[in-house]
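Peer 1: One structure, as structure tokens, below. Some questions next.
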Amino acid sequence: MQTIALIVAGGRGTRIARRQDGIPKQYITLERQTVLQHTFDVFNDHEEIDKICVVIHPDDVTLYQNSLNHNQGKLTSPVFGGATRQMSVYNGLQSLTDMGPYKVLIHDAARPFISAQLISNLIKALDAHKAVLPGLAVKDTLKRAKPTTNATFIIEETISRENLWQAQTPQCFHYDDILKAHEAASLSEHTFTDDASVAEWYGLETTLIPGEDTNFKITTSEDLTRAKNYLQQTRTDKNMQTLTLTGSGFDVHRFTDGDHVILCGVKIPYSQSLQGHSDADVGLHALTDAILGAIADGDIGTHFPPSDPQWKGVSSDVFLKDAVKKLHERGGSLQNIDVTLICEYPKIGPHREAMRASLSELLNLDIRRVSVKATTTEGLGFTGRKEGIAAMASVSISLPVDN
Ligand code: MG
């Protein structure tokens with residue numbers, strides 16, 4: 001019994017497209033990610049949404065692939081739309097059959113600022129109603145007018161705004177109902193501009209609940225400006241509620257017989273290996289402790305006791321990824337990392353860039369925020385005697401104030 005979000009991204013958006021190099025509005029980038037990604041994120045982060053399917057135009061496959069982070073568990077394969085919005089939604093609905101959908105939320109990709117609260121309200125309302133959509137009461141006086149030849153319009157009548165609402169999305173239905181309604185609509189002569197109209201025409205009682213001003217659809221270039229302003233304001237608000245914290249880590253492993261070492265995830269041929277319960281990647285261990293330090297959540301030994309045989313020989317990226325997961329679970333993110341390896345041999349310099357690339361990939365962190373340094377201890381101490389390798393790491397993270 002799944003709840004599925006069907007995001008309709010098949011439109012051509014010609015009203016803006018002419019000014020944006022022909023890119024449909026859902027693929028325009030706002031604040032470092034596409035409109036579609038913004039929209040997707042709201043549904044992906046919502047715990048009551050099980051799967052997300054996006055309906056795209058067949059010409060937009062590359063745009064679509066470049067616009068979304070595809071490593072997201074809820075995202076299913078995209079579906080090609082049809083010649084009209086109505087046909088696109090019908091194609092999308094048909095593609096969901098195998099997922100056993102129960103509730104379906106049909107949403108315009110170009111409404112990226114839908115709130116989680118409104119999604120919750122709609123899903124809840126659908127328990128008591130056949131079909132539910134959000135709407136805004138019309139505030140302005142409405143006129144019906146016909147165009148003249150010189151870009152003005154002649155009023156034909158004034159329409160009472162009483163009981164008039166502007167329909168928004170997501171429009172929410174029980175899957176079987178809306179599939180049947182769309183099937184019947186596809187065989188009729190009618191063309192509908194939203195799914196509530198299809199449901200109404202089919203005879204499903206359709207209920208409206210209050211929508212949100214911010215759940216506007218990006219259609220014109222003025223909407224695009226409004227969207228940019230909204231995102232900048234949201235980012236400012238978020239920044240004001242975020243802390244920057246730091247953490248540090250230190251680790252040592254001794255040399256033993258072998259033919260390679262693993263440092264920061266990179267295998268380096270050497271006349272000895274490092275001894276340890278795991279793969280003894282001293283760099284990743286120091287880094288893992290630095291991240292755990294920044295969120296004050298113990299150390300690597302707390303979470304992966306050396307006494308536990310299941311961690312024997314394990315690749316140390318398991319420890320690192322677990323620390324990052326703990327950070328993400330608190331709503332935090334890594335800002336930068338700085339690792340220092342301390343040894344006489346092996347020489348780190350030739351492998352430094354490979355280590356930076358390895359860490360950047362492991363952490364999904366911009367390589368410009370990833371530093372790997374190396375030093376010796378001038379022949380002094382255990383590293384000077386070539387008995388082992390030490391590593392230090394510092395990280396900074398951002399974390400919501402109340403986490
Ligand atoms: Mg260690």
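Peer 1: Cα-based Rg (one decimal) and Dmax (whole number) for segment 22-139, in Å?
Peer 2: 14.5, 43
Peer 1: While we're here: Where does each of Arg235, Arg368 land when they are ordered by accessible area, with a 1.4 Å probe and the largest first?
Peer 2: Working: Arg235 100, Arg368 170 Å².
Per-residue accessible area, sorted high to low, gives Arg368, Arg235.
Peer 1: Now a separate question. Taking Cα centroids, how far is segment 205-283 from segment 150-174 in Å?
Peer 2: 43 Å
Peer 1: Could you pull the Rg and Dmax for segment 69-223, using just the Cα atoms, both in Å?
Peer 2: 17.5, 55
Peer 1: Taking all protein chains together and a probe of 1.4 Å, list Ile342, Ile367 from the most accessible to the least accessible. The partial results should precede the final answer.
Peer 2: On the way: Ile342 20, Ile367 65 Å².
Largest accessible area first, the list is Ile367, Ile342.
Peer 1: Right, here's the next one. With every protein chain in place, what's the accessible area of Glu183 (1.4 Å probe, Å², nearest 10)?
Peer 2: 90 Å²
Peer 1: For segment 194-312, what mean projected area does the convex hull of the alpha carbons give, in nm²?
Peer 2: Numbers: hull surface 64.3 nm².
Spelled out: convex hull of the Cα atoms, projected over all directions, averaged, 16.1 nm².
Peer 1: Quick one: what do you get for segment 266-325 if you divide its Cα Rg by 2.2 N^0.38 Å?
Peer 2: Numbers: Rg = 11.8 Å, N = 60, 2.2 N^0.38 = 10.4 Å.
Cα-based Rg divided by the globular estimate yields 1.13.
Peer 1: Sticking with this structure for a sec: According to the Cα gyration tensor, what semi-axes, each the square root of 5 times an eigenvalue, does the equivalent ellipsoid of segment 147-262 have, listed from largest to smallest in whole Å?
Peer 2: Details: eigenvalues 576, 151, 54 Å².
Here the semi-axes work out to 54, 28, 16 Å.
Peer 1: Quote the accessible area belonging to Ile23 in square angstrom, nearest 10, computed with a 1.4 Å probe and with ligands, DNA and RNA left uncounted.
Peer 2: 50 Å²
Peer 1: While we're looking at this one, here's another question. Using only C-alpha atoms and all pairs of different ones, pull out the Kirkwood radius for segment 341-403 in Å with one decimal. Walk me through the numbers before you get to the answer.
Peer 2: Details: mean 1/r = 0.0741 Å⁻¹.
Every distinct Cα pair counted, the radius reaches 13.5 Å.
Peer 1: In whole angstrom, and with the biggest value first, how far do the Cα coordinates of the chain range along each principal axis?
Peer 2: Cα spread of the chain along its principal axes, largest to smallest: 94, 47, 40 Å.
Peer 1: Compute the distribution of all C-alpha to C-alpha distances in segment 37-80, in bins of 10 Å from 0, and list the percent of pairs in each, rounded to whole numbers.
Peer 2: Pairs per bin, as whole percents: 27, 58, 15, 0.
Peer 1: Separate question: Rounded to two decimal places and with Rh computed the Kirkwood way over Cα pairs, what is Rg over Rh for segment 216-258?
Peer 2: My calculation of the ratio gives 1.56.
Peer 1: Given the convex hull over the Cα atoms of segment 74-154, what projected area results after averaging over all orientations, in nm²? Display every interim value, and only then the final one.
Peer 2: Values: hull surface 37.0 nm².
If you wrap the Cα atoms of segment 74-154 in a convex hull and average its projections, you get 9.3 nm².
Peer 1: Okay, next question. To the nearest 10 Å², what's Val395's accessible area with a 1.4 Å probe?
Peer 2: The accessible area of Val395 comes to roughly 10 Å².
Peer 1: Follow-up. For segment 266-403, what log10 I(q)/I(0) values come out of the Debye formula at q = 0.12, 0.15, 0.19 1/Å, with one point per alpha carbon and no solvent?
Peer 2: Taken in order of the listed q values, log10 I(q)/I(0) reads -0.49, -0.76, -1.17.
The values are calculated or read from the model by the stated rules, or taken from the named source; none is laboratory data. Owing to the predicted nature of the structure, the values given are computational and were not obtained by experimental measurement. In case anyone asks, the SASA skips ligands and DNA or RNA and just uses the protein heavy atoms, side chains included. Shrake-Rupley method; radii C 1.70, N 1.55, O 1.52, S 1.80 Å.
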